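The values are calculated or read from the model by the stated rules, or taken from the named source; none is laboratory data. Bear in mind the structure is a predicted one, so any value in this text is a computation, not a measurement. A quick note on method: Cβ atoms are made from the backbone with ideal geometry, for glycine too, and the neighbour counts reach across all protein chains shown. Only protein heavy atoms, including side chains, enter the accessible area calculation; ligands, DNA and RNA are left aside. Shrake-Rupley method; radii C 1.70, N 1.55, O 1.52, S 1.80 Å.
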Amino acid sequence: MNSALLIYEKFVATLTEQQIKMFEEVLDKLFIMNEKLSKSDFKEGFKLGLAVATEAIKN
């Protein structure tokens, strides 16, 4: 078994049902935030790369 999964399972085993629900809600929100940041980072990186390529073609 994956060590990260084992650690997660051991951690979750120490929580009450209510705490598990709250923890999963936090994880869901973190995944959504991470996805938004990843998309934003990609867009900014693409714009920068395009600007560098455009400048290189000009010279």
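So that you can scan it fast, the table gives a plain yes or no per residue for (1) assigned to a helix (DSSP H, G or I); (2) open to solvent by 90 Å² or more (accessible area, probe 1.4 Å); (3) in contact with an Asp or Glu (Cβ under 6 Å, 6 or more places away or on another chain); (4) basic (Lys, Arg):
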{"site": "GLU24", "(1), (2), (3), (4)": "yes, no, no, no"}
{"site": "LYS29", "(1), (2), (3), (4)": "yes, yes, no, yes"}
{"site": "GLU44", "(1), (2), (3), (4)": "yes, yes, no, no"}
{"site": "ALA51", "(1), (2), (3), (4)": "yes, no, no, no"}
{"site": "ILE57", "(1), (2), (3), (4)": "yes, yes, no, no"}
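Is there a residue in the range 9-19 that is under 20 Å from the mean Cα position of the chain (by Cα) and open to solvent by 90 Å² or more (accessible area, probe 1.4 Å)? No - not one qualifying residue is present in the range 9-19.
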